[in-house]
Amino acid sequence: METTLITLDRIGKTYGDKTALHDVNFTIYPGEFVALVGMSGGGKSTILRLIAELEQPTAGTITRAQADLVVRVMFQNDRLLPWMTTLDNLSFDSHDKAQQDKAKKTLASVGLKDFADQYPNQLSGGQKQRVALARALMADPQLLLLDEPLGALDALTRRNMQQFIGQVCDQGHLTTLLITHDVDEAARMADRIIVIKNGTNVYEAAGAKGQNAETVAKVAEEVLQVILRPDDDPTQVEAVAARD
Amino acid sequence: MENVTGMTKTKKTHRPLSWQRVLPWVIPVLIILAWQVAVSAGWLNSNLLPSPLAVLQDGVKLAASGELMKNVSISLFRALTGFAIGGSIGFILGMANGLSKVSRALFDSTIQMLRNIPHLSLIPLVIILLGIGEGAKISLVAVGVMFPVYINTYHGITRVDPELIEMGKAYGLSKRQLLAKVIFPGALPTILVGIRYALGVMWTTLIVAETISSSSGIGYMATNAQEFMNMDTVLLCILMYALLGKASDLIAKALEDICLGWQQTGRSEG
């Protein structure tokens, strides 16, 4: 039986009398790049917040491979501390030499070696997101959560960042969960795509990471059709994922 | 891949042009020149409004006798002591109420009630309770300074971007680290606005307190000079308050520049 990194079992989340999530079930395996896609308000970000332990589920269980699983989130907006330089944002202004050295090395790995002393308001949108990615990588996370990190970027920078994040995750063999409403982005970047609709997972498909544009477009269209389907009969929930 | 090598580096801060440095002084200098000309030409009664030159001469005379320094020193002592006490209480209460719901529930309502009492209206009460000694004047300054520091510290803490706090928690910062690295720096711009405003309140309160009940200080000098119709000294005292107020503002501004230098950094074109 394959090792799992994190498993969501019948997860539910309610806010007062409003149900945000119900009966969410999926597993993430080490080293894979999973994308959660769906329309805004469908519950994608709530799932991410539960995995990141920023909130607790009201039903079900989240099982982690180990209790102290290192999880880091890269948010939609960069959330850099504007009063700290780029380098200090990575080390949280630590005076520890090892932390500072690691911050320099990590910053260099995202191509911003020469921007260590710059403040966030001196960087472009793409550069800020690179710094945010570097900050997330500082802790050597076992699971990297990407919460629509490219949503605010222009189309060209967005495409560049998709490639860049893909390379970084591949090189570091990082297990990654991407939250996005962009089906093309999900198809292009992910090994596996999970569709979240009306607060639950309704569909899984293999992604088209590293494949040609035609395959990416085909997968994206397939996922889009599921998202746009008017009703989701539970009996139609399909599992097309490669894993069993 | 995004090209990062060609990005604009930090723009060098240009020294302000010389006319930008001179311009703020043009109106004060013109007023003083017009004033001097008007008195010298006899258009103004020099007994009621002495010339700037006469005020300067009076200042030199009082400085030479040591009286000016003595009174300025005691006023500075009262102002700074009152500021330190009131500012510290306001800061501590603002931090406590900003960070703790229990503290907020316990203190904030009472503080808001007290804040709406004009602190100068407390002068008769303070004189009865504390007399006209140093304690009375320092207490008045402390009360006047406390509220602007409190209100700005409290609002600064409570209005720190919650997304940054959430990021800090998600990245495993301890409570102490969260306070030192995220909450306090986030609140600092608002806190410094409160300090700058409180410095103005500090001088206003001291002027009133020294004018009403004192036997030393710049306010006492002015009141005393008024009784002898010594208009040179009255104007000199007003000038001293203006200079001390300006000096306080410059110090506050310098503090802002040091602590909030990141706000002044230029933007890249990327």
Degrees between helix B:52-65 axis and first principal axis of chain B (Cα, 0 to 90, nearest 10): 90 degrees
Charge dipole (the protein assembly as shown, unit charges on Cβ, about Cα centre) - positive-most of B:Pro24, A:Leu8, A:Gln171: B:Pro24
10 Å Cβ neighbours from other chains, averaged over peptide B:182-190: 2
Only Lys, Arg (+1) and Asp, Glu (-1) charged, at Cβ; the stretch A:32-179 dipole about Cα centre in debye: 200 debye
Bridge type composition, the protein assembly as shown - antiparallel percent by DSSP, nearest 5: 50 percent
Among A:178-184, B:127-133, the order from most to least packed when residues are scored by Cβ within 10 Å on average: A:178-184, B:127-133
Lys, Arg +1 and Asp, Glu -1 on Cβ, resulting dipole of the stretch A:81-140 about Cα centre, debye, nearest 20: 180 debye
Cut-off 9 Å between beta-carbons: net charge of the residues surrounding B:Ser216, Lys and Arg +1, Asp and Glu -1: 0
Mean-position separation - Cα centroids, the stretch A:106-175 and the stretch A:53-100, in angstrom: 14 Å
Using alpha carbons only: equivalent-ellipsoid semi-axes of the stretch A:81-140, gyration tensor based, whole Å: 16, 12, 10
Least to most buried among B:Cys237, A:Cys169, B:Cys259 (fewest other Cβ within 10 Å first): B:Cys259, A:Cys169, B:Cys237
Debye equation applied to the C-alpha atoms of chain B, log10 I(q)/I(0) at 0.08, 0.14 Å⁻¹: -0.50, -1.09
Chain A, relative contact order in percent, only Cα pairs under 8 angstrom and at least six apart counted: 24 percent
In degrees, nearest ten, helix B:231-259 long axis to first principal axis of chain B (Cα): 10 degrees
Charge-dipole axis of the protein assembly as shown as Lys and Arg at +1 and Asp and Glu at -1 on Cβ define it, positive-most pick from A:Trp83, B:Ser40, B:Leu122: B:Ser40
Mean separation of Cα contacts under 8 Å (6+ apart) over length of the stretch B:67-260, as relative contact order %: 26 percent
Electrostatic dipole magnitude of the protein assembly as shown [Cβ: Lys, Arg +1; Asp, Glu -1; Cα centre; debye, to 20]: 1480 debye
Cα gyration tensor, the protein assembly as shown - rounded (a/c under 1.5), prolate or oblate: prolate
Using a Förster distance of 25 Å, the FRET efficiency for B:Glu163-B:Lys253 (Cβ separation, nearest 0.05): 0.25
Crossing angle, helix B:67-99 versus chain B [Cα axis fit, 0-90 degrees, rounded to tens]: 30 degrees
Peptide-level mean, for A:123-129, of C-beta atoms on other protein chains within 10 Å: 4
Qualifying lysines (Cα of each under 17 Å from Cα of A:Lys44; at least 8 residues distant if same chain): A:Lys13, A:Lys18, A:Lys197
Anchor A:Lys102: lysines whose Cα lies under 28 Å away (excluding residues fewer than 8 positions away in-chain): A:Lys113, A:Lys128, B:Lys9, B:Lys11, B:Lys169, B:Lys175, B:Lys181
Shielding of B:136-143 by partner chains, average beta-carbon count, 10 Å: 0
All aspartates and glutamates inside 13 Å of A:Lys104 as judged from Cα atoms, apart from same-chain residues fewer than 8 positions distant: A:Asp88, A:Asp93, A:Asp96, A:Asp114, A:Asp117
Taking B:Ile195, B:Ile218, B:Ile111, B:Ile251 and counting other C-beta atoms within 10 Å, the order from fewest to most: B:Ile251, B:Ile111, B:Ile195, B:Ile218
Relative contact order (percent, whole number), the stretch B:143-187, Cα cutoff 8 Å, 6+ residue spacing: 52 percent
Charge dipole (the stretch B:46-146, unit charges on Cβ, about Cα centre) - positive-most of B:Ala105, B:Val145, B:Leu80: B:Ala105
Packing-based order for A:200-211, A:103-114, using average beta carbon neighbours within 10 Å, highest first: A:200-211, A:103-114
Centre separation in Å (Cα based) which lies between the stretch B:209-270 and the stretch B:157-201: 29 Å
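All of the numbers you see were taken from the coordinates with simple rules; none came from a lab. Worth saying up front: this structure is predicted, and the values here are computed from it rather than measured. Note that we place each Cβ from the backbone using ideal geometry, even for glycine, and neighbour counts take in every protein chain shown.
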